[in-house]
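Okay, so here's the structure we're looking at.
The values are calculated or read from the model by the stated rules, or taken from the named source; none is laboratory data. Here the structure is a predicted model, which is why all the values come from computation and not from measurement. Don't worry about glycine lacking a Cβ; one is built from the backbone with ideal geometry, like all the others, and counts go over all protein chains shown.
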Amino acid sequence: MDGEVERLRALFELFGTTQAAGRSPVYEALSAAILDDAELLGLMLGTPPVQRKPSLLFACVNALLAEHPDEPLAAYYPTHGGRRDVDGQLMPAFRALCRTYRDPLVTLLRTRSTQTNEPRRAIALHLAVSHLVRKWNSPVAVAEVGASAGLNLSFDRYTFGTELLDGDLEDLLSPTPQVTTRLGIDAHPVDLREPVHRAWLEAFVWPEQVDDLAMLRTATNVTLAGGIRVVAGDAARDVERLLSAVPGDEPLVVFTASLLSYLTPDDRSAFLAQLDVLARRRTVAWVFAEAPGLLARAGIEVPPELAGRNSSYLVGTQPDGELLALADPYVRRLAPRRTPDDDFAWVP
Ligand SMILES: C[S@@+](CC[C@H](N)C(=O)[O-])C[C@H]1O[C@@H](n2cnc3c(N)ncnc32)[C@H](O)[C@@H]1O
């Protein structure tokens, strides 16, 4: 058990010093304090090993806070209207909430899993679909595998994201694609019609990310209004069957963003093999926003200097082998390729 405590402490240390540092003063301070909190570490050790993740504890507490916004902890969470800077009362307030709602917290910790949907990635899909439409000059059907709630499938209906592109690159988003079908596939689909599903997506927004919360809510409303469906299915097994049912013979764009890391090497091959089968019947392109190293391991040619940069996402299309942009995983920055021989070496 001591080994498990140390492993958990190491996870919180890593979360605080790498992920939260510089991005979330609240999660950075809490991660450091939880290292020495035997009660909270013990609570987490009472859950199955796969559930013992700092991000999951923070999401569970955030979900409880959304239900109980009068709790003192809310004062530290701008997403819940708080304005108080991190101080010595933050950890006591966090601990108090965990004690007051111990039973529901344990239930959440035991039963929930990480579920995010980053609508900023929609701009990558938009860029790539516009690129393909310029080439095909045709309407397109669009599907996302690993779609979560399907927010990226409203890619052409958002006004946010375009600020990432220089003014003189606006033509990269034209023409506006004519989309005939939008379909999401996910192993664990998020149903935006269900308040509890929406609340769980929001629980992964960090305390200081007020703009991200607003963006998520906008994207949720747009996607709900568009009636976009995300059906249950596995990337390695169900894609060909589900996408064979997409009507029409216009080209089909299959998008993945941040999916490859969830798949085993065999499952990645199985996913791509299904696209090959679909391509015997209609034009199919895979649009990806994924880590270059994982793309290289899936057999995609990436510039050698990028293959080690898994902290960035490469945006591109297959089978034409076009690399269109390099972005950070949350697409807060996006650098479009400017010329065919651009190797992104200029991107800091
Ligand atoms: C990090 S999220 C990314 C969601 C969305 N693509 C985005 O960019 O915001 C990864 C998604 O992949 C889904 N997923 C993981 N393994 C999968 C599989 N084998 N088949 C289908 N979906 C899977 C997860 O349920 C989750 O919704």
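Summary of values
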{"read-out": "Strands (runs of 3 or more DSSP E) within the stretch 246-347 that include 1 or more residues over 26 Å from I228 (Cβ atoms) and more than 16 Å from the ligand (Cβ to nearest atom)", "value": "322-327, 334-336"}
{"read-out": "Of all residues making up the stretch 295-309, the number that are buried (at least 17 other Cβ atoms within 10 Å of the Cβ) and without any contact (Cβ under 8 Å) to a residue 24 or more places away in the chain", "value": "5"}
{"read-out": "Residue satisfying all of: in the stretch 102-118; without any contact (Cβ under 8 Å) to a residue 12 or more places away in the chain and loosely packed, with under 12 Cβ neighbours inside 10 Å; nearest to A203 (Cα to Cα) among these", "value": "T111"}
{"read-out": "Odd one out for Q178 among (1) within 13 Å of the ligand (Cβ to nearest atom); (2) under 23 Å from W286 (Cα atoms); (3) of a type in the set (S, T, N, Q)", "value": "(1)"}
{"read-out": "Extreme residue, nearest to the ligand (Cβ to nearest atom), among residues of the stretch 187-211 that are acidic (D, E) and free of Cβ contacts under 8 Å to residues at least 60 places away in the same chain", "value": "D191"}
{"read-out": "Residue in the stretch 229-245 that is among the β-branched types (V, I, T) and more than 13 Å from the ligand (Cβ to nearest atom) present", "value": "no"}
{"read-out": "Helices (runs of 4 or more DSSP H) contained entirely in the stretch 38-150, each with at least 3 residues that are within 16 Å of the ligand (Cβ to nearest atom)", "value": "54-67, 122-136"}
{"read-out": "Test for G22: is it assigned to a helix (DSSP H, G or I), closer than 19 Å to Y76 by Cα, within 27 Å of the chain's Cα centre (by Cα) and not β-branched (V, I, T)", "value": "no"}
{"read-out": "Output for the stretch 172-194, where each listed residue is among the hydroxyl-bearing types (S, T, Y) and touching a strand residue (DSSP E or B) at 6+ places or on another chain (Cβ under 7 Å)", "value": "T180, T181"}
{"read-out": "So R241, is it surrounded by fewer than 17 Cβ atoms within 10 Å (Cβ to Cβ), over 30 Å from A74 (Cα atoms), touching a strand residue (DSSP E or B) at 6+ places or on another chain (Cβ under 7 Å) and at pLDDT 95 or above", "value": "no"}
{"read-out": "Within the stretch 158-186, tally of residues that are in a helix (DSSP H, G or I) and touching a residue at least 60 places away in the same chain (Cβ under 8 Å)", "value": "3"}
{"read-out": "Sole exception among (1) touching a Ser or Thr at 6+ places or on another chain (Cβ under 9 Å); (2) surrounded by fewer than 21 Cβ atoms within 10 Å (Cβ to Cβ); (3) assigned by TED's automatic domain parsing to the domain that holds L314 for D166, by number", "value": "(1)"}
{"read-out": "Some residue of the stretch 76-91 being crowded, with 17+ Cβ neighbours inside 10 Å and either in contact with a Lys or Arg (Cβ under 6 Å, 6 or more places away or on another chain) or at pLDDT below 95 (or both)", "value": "yes"}
